[in-house]
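Colleague: Mind having a look at this structure? Questions to follow.
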Amino acid sequence: MTAFSTWDIVSNLLLAARWTVLLSLLAFVVGGVVGLVVLYARIARKAWLRRAAGLYIELFQGTPLLMQLFLIFFGLPLMGLDVSPWAAAFVSLTLWSSAFLAEIWRGCVESIPKGQWEASSSLAMSFVEQLRYVILPQSMRIAVPPTVGFSVQVVKGTALTSIIGFVELSKAATIITNATFEPFTVYGFAALIYFALCWPLSKSSQILERKLNVAHHHH
Amino acid sequence: MSLITITEVRKSFGQNEVLKGINLDIAPGEVIAIIGKSGSGKSTLLRCVNGLETIDDGSIVVAGAQLAPDEVHLRALRLKVGMIFQGFNLFPHLTAGRNVMLSPMVVKKVSAKEAEAEARARLDQVGLGHKFDAYPDQLSGGQQQRVAIARALAMKPLALLCDEITSALDPELVNEVLAVVKALAEQGMTLIMVTHEMRFAREVCDRVVFMHQGRVHEIGPPEDVFTHPQTPELKQFLGVA
């Protein structure tokens, strides 16, 4: 029987953590882009667009991420579309984060006083121009802390993809445990790595929040 | 030939009809004060002229631009009438100068250089040339309102709508804003103002419109309206009954 040193365990976990980081980054960034589109629809003038976006958001917020993963990983092959664990993980996390980000940002946009819309309307700006030059620059400042805070949820959400066989940090921990029979050590280290990823994010979210609250000036 | 033609305008909020058939023609260069109790529909009427409210019936035409709910018509209308608000509504993330420059650049595609020259001229006009780089939260209420006027003027409107523009100001700041409005009136700008400043209305306006329960109840030159009110409602409003 082969013996595993602590370094063997940690180094293998760290190698797998690269996939956790990559998946989180991609889901967050692409989810953010999709989220912007959903946000636009959610606050559009056309009622059917708003309803469609509302439905999209409720669908992803109202069902477990695990179900979304399963539906994409097991469901799409039924329709003749073969998806790899990697693709299923990426697609479901992206859709999931886009729905949450759109809803977070909608709250930020709606916190901008109505007078800002009216003033920019009276200056003959179109809806898109109002968003681009007046509303979004102001709501972005408010949006930074909750958005960074949500990125922690994305990182932790990637752990679920281990269930469909995508080898990231959690799946690697399971594989290593099966070989070493040292679950406490292995999962302990895995948890530490998650913490090392998430803690700086939530800490910076707090700091940003305090900074934006203190700053009365915009310069 | 009138600049603004308001014909049989009706507007309801739910069951509550706030405008019950308004007719008003305003000539170029005319200065109009709209007075009346709160809830008489005066602010709503003003907001309709700029398309901030839709109308249920009737029509509003400003120099050939007709009020209609689609973006193309609204844009054409708003290029002709500017609006100043009670709460100033400056863009807090931009300096005073940038506030004035934004819309000409975005809507009219004016170059940054031209827009800056225009913004400096308009801020000078309201006596705030030296505040070009100040942010709104560094300005007093009166100064903010003057920047808002400069911002509206930079779009070169044919008429300005003023919605209780001094109501949110401390008493000692009211005059600096009214002085700017008076200067505009003297330069021939068409102005429609909803106001509680009766003395100012009397001094500066060509006609005063008294609104009551969604209708134009009395209308005429300030001397007539203020010194010889015809209806009991206006007498009561002016406190001379």
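The values are calculated or read from the model by the stated rules, or taken from the named source; none is laboratory data. This one's a predicted model, so the numbers in the text were calculated from it and none came from an experiment. Cβ atoms come from the backbone with ideal geometry, glycine included; neighbour counts cover every protein chain shown. Side chains included, ligands, DNA and RNA excluded: accessible areas come from the protein's heavy atoms. Shrake-Rupley method; radii C 1.70, N 1.55, O 1.52, S 1.80 Å.
Colleague: Compare B:191, B:45, B:173 in a GNM of chain B, Cα atoms joined below 10 Å, and give the one with the largest fluctuation.
Modeller: Looking only at B:191, B:45, B:173, the biggest GNM fluctuation is shown by B:173.
Colleague: With the dipole of the range A:6-218 worked out from charges on the C-beta (+1 for Lys and Arg, -1 for Asp and Glu) around the Cα centre, which of A:64, A:130, A:115 lies farthest toward the positive end?
Modeller: A:115
Colleague: In degrees between 0 and 90, to the nearest 10, how far off the longest principal axis of chain A does helix A:136-157 point, with axes built from Cα atoms?
Modeller: Roughly 20 degrees, rounded to the nearest 10.
Colleague: What is the magnitude of the charge dipole of chain A about its Cα centre, with +1 placed on the Cβ of each Lys and Arg, -1 on the Cβ of each Asp and Glu, and no other charges, expressed in debye to the nearest 20?
Modeller: Details: 15 positive and 10 negative charges, 140 e Å.
The dipole magnitude comes to about 680 debye.
Colleague: Placing unit charges on C-beta atoms (Lys and Arg positive, Asp and Glu negative, everything else neutral), compute the dipole magnitude of the protein assembly as shown about its Cα centre in debye, rounded to 20. Mind showing how you got there, number by number?
Modeller: Values: 40 positive and 38 negative charges, 126 e Å.
So the dipole magnitude of the protein assembly as shown works out to roughly 600 debye.
Colleague: Sticking with this structure for a sec: Please give the per residue accessible area of the protein assembly as shown, computed with a probe of 1.4 Å over protein heavy atoms only, in Å². Spell out each step's value before the answer.
Modeller: Details: 21780 Å² over 460 residues.
Value for the protein assembly as shown: 47 Å² per residue.
Colleague: Using Cα atoms only, what is the angle between the long axis of helix A:85-110 and the major principal axis of chain A, expressed in degrees (0 to 90) to the nearest 10?
Modeller: 30 degrees
Colleague: Among the listed pairs A:114/B:109; B:20/B:235; B:37/B:182; B:108/B:156; B:11/B:235, give every one whose C-alpha distance is greater than 19 Å.
Modeller: Values: A:114/B:109 25 Å; B:20/B:235 22 Å; B:37/B:182 24 Å; B:108/B:156 11 Å; B:11/B:235 26 Å.
Distance filter (> 19 Å) returns A:114/B:109; B:20/B:235; B:37/B:182; B:11/B:235.
Colleague: OK, next. With +1 on each Lys and Arg Cβ and -1 on each Asp and Glu Cβ, and nothing else charged, work out how big the dipole of the range A:103-213 is about its Cα centre, in Debye to the nearest 20. Can you show the working numbers first?
Modeller: Working: 9 positive and 7 negative charges, 44 e Å.
Using only the charged Cβ atoms, the result is roughly 200 debye.
Colleague: Further question: Please list A:14, B:74, A:101 from largest to smallest accessible area, probe radius 1.4 Å, with all protein chains kept in place. Display every interim value, and only then the final one.
Modeller: On the way: A:14 85, B:74 25, A:101 0 Å².
Putting A:14, B:74, A:101 in descending order of accessible area: A:14, B:74, A:101.
Colleague: Enter the mean number of other protein chain beta carbons within 10 Å of the beta carbon of each residue in A:106-118, as an integer. Each step should come with its number before you reach the end.
Modeller: Details: counts 0, 0, 0, 0, 0, 0, 1, 3, 2, 6, 5, 2, 8.
Averaged over the peptide's residues, the number is 2.
Colleague: Let me ask something else. Report, in whole Å, the centroid distance computed from the Cα atoms of the range A:34-80 and the range B:27-100.
Modeller: One Cα centre to the other: 38 Å.
Colleague: Send over the per residue convex hull volume for the protein assembly as shown, Cα only, as a whole number of Å³. Before the final figure, lay out the partial values.
Modeller: Values: hull volume 88.5 nm³, N = 460.
Given the Cα convex hull of the protein assembly as shown, per-residue volume reads 192 Å³.
Colleague: Here's another thing I want to ask about it. Hydropathy first: keep DSSP H helices in chain B averaging at least -0.5 on Kyte-Doolittle, then drop any whose Cα extent along the axis falls short of 20 Å, and list what survives. Working shown, then result.
Modeller: Values: long enough: B:171-186 (23 Å, 0.88).
What comes out of the filter, once short or polar helices are dropped, is B:171-186.
Colleague: Measure out, as a whole number of angstrom, how far apart the alpha-carbon centroids of the range A:121-192 and the range B:185-199 sit.
Modeller: One Cα centre to the other: 55 Å.
Colleague: Here's something else I'd like to know. Taking all protein chains as present, what is the carbon and sulfur share of the accessible area of the protein assembly as shown, in % to the nearest whole number, probe 1.4 Å? Don't skip to the answer; put the middle values down first.
Modeller: Details: 13230 of 21780 Å².
Taking all protein chains in place, the protein assembly as shown shows 61 percent carbon and sulfur surface.
Colleague: Positive end of the charge dipole of the range A:6-218 (Lys, Arg +1 and Asp, Glu -1 on Cβ, about the Cα centre): tell me which of A:35, A:81, A:158 has its Cα farthest that way.
Modeller: Result: A:35.
Colleague: Label points 7 Å out from Cα along the Cβ direction at residue A:45 and residue B:227: separation in nm?
Modeller: Distance between label points: 4.8 nm.
Colleague: If each DSSP helix of 4+ residues adds -39,500 (n - 2.57) and the sum is divided by the residues in chain B, what number results at 222 nm, nearest 500 deg cm²/dmol? All intermediate terms of the calculation are to be shown ahead of the outcome.
Modeller: Numbers: 8 runs with 85 residues, N = 241.
When only DSSP H runs of four or more count, the value is -10500 deg cm²/dmol.
Colleague: Sorting B:235, A:211 by accessible area (1.4 Å probe), largest first, what list results?
Modeller: The ranking, largest first, comes out as A:211, B:235.
Colleague: Could you rank B:190, B:5 by how accessible they are, 1.4 Å probe, largest area first?
Modeller: Sorted descending by solvent-accessible area, the residues read B:5, B:190.
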